[in-house]
Amino acid sequence: MAKYLLIESRDPYEWNDVSYFYDLAHGLAREGHDVTLFLVQNGVLPARKSPRSGRLADLAQGGVKIAADDFSLRERGIAVEALAPGVRPSKIDAVVDLMGEGARALWH
Amino acid sequence: MSTAKTLTFLLMDAPYESANSTTALRIIDAAIRKGYHVNVTAYEGAVAYTYGLQKPHQNPIKGTTVEQEKHPNTKDWVAALIKAAQGRGLKLDWLRCGMCEDERGLYENQIAGTRPGSPVDFYKQQVEPADNVLVIPCR
């Protein structure tokens, strides 16, 4: 089992290819890998409960750990209480921690 | 010889154009705070992060002065990161793609503590010896 860090910086309302990155996270988790999807910048927008956040809830149920950069959330006025199920706020330090643990890191 | 791990980052966005720049610097800052050696290669427009003639500016539309505007310049942030690493006994090796800065006329007036290099230097000197690598591509 490998550890993966997938960093999503894009807004799924603007970029349709975000769904492919979610698919990658889902597929890796389904195959038994330890997957963290780290949302940053406009990538945190679907973390607020919305029609698009259902996909994140599905990923979380599928075993993907979903973290949203707390700085990006604050910049966009998204309160922790408004986060979709399965999404937790996180400091950017988590990226460093996972890289230090050897996670295979991909940025989108 | 320090036993700290080394993380390597490849940056490609020019500063002031994408939130990627801010996020990249935040990650590098976190890595240094957590005791990692850090390698950076600034590729393509990212060679402008460390261009020394950047200046903070006033905003005549809003009527603010230079001091009130507190306009951040990436050259100062990178210089502060280099100083922070040195203060912790860590290495921040900031390599600038030489061809990229030649193309952009940015090969002079780069800040101290950074150096020109090539994609081969990135791979041989920064990727191979690193414990992990993150590429932050432009769009």
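Derivation of every value follows stated rules applied to the coordinates shown; laboratory data play no part. Quick caveat, the model's predicted, so the values are computed rather than measured. No Cβ is skipped: glycine too gets one built from the backbone with ideal geometry, and neighbour counts run over all protein chains shown.
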- Message: Which of A:SER19, A:SER90 has the fewest other C-beta atoms within 10 Å, and how do the rest follow up to the most?
- Response: A:SER19, A:SER90
- Nearby aspartates and glutamates by direct alpha-carbon distance to B:LYS91 (threshold 17 angstrom, same-chain neighbours under 8 apart not counted): B:ASP29, B:ASP121, B:GLU128, B:ASP131
- Task: Under a 10 Å cutoff between Cα atoms, tell me which one of A:ARG88, A:ARG52, A:ARG74 has the largest fluctuation in the Gaussian network model of chain A.
- Result: A:ARG74
- Message: Using Cβ contacts closer than 10 Å as the measure, can you line up A:TYR20, B:TYR16 from fewest to most?
- Response: A:TYR20, B:TYR16
- Lone cysteines, chain B (no partner Cβ under 4.7 Å): B:CYS138
- Query: What percent do you get for the relative contact order of chain B when only Cα pairs under 8 Å and 6+ apart count?
  - Reply: 34
- Query: Among the listed pairs A:LYS65/B:LYS70; B:LYS34/B:LYS124; A:LYS91/B:LYS75; A:LYS3/B:LYS34; B:LYS5/B:LYS75; B:LYS83/B:LYS124, which are separated by more than 29 Å between their Cα atoms?
  - Reply: A:LYS65/B:LYS70
- By its C-alpha gyration tensor, with a ≥ b ≥ c as the square roots of the eigenvalues, how is the range A:3-107 shaped: rounded for a/c under 1.5, else prolate for a/b larger than b/c, else oblate? oblate
- Averaging sequence separations of C-alpha pairs under 8 Å and six or more residues apart, then dividing by the length of the range A:3-107, give the relative contact order as a whole percent. 34
- Residue-averaged beta-carbon neighbours from other chains (10 angstrom radius) around A:96-107: 6
- Antiparallel %, DSSP beta bridges [both residues in chain B], to 5: 10
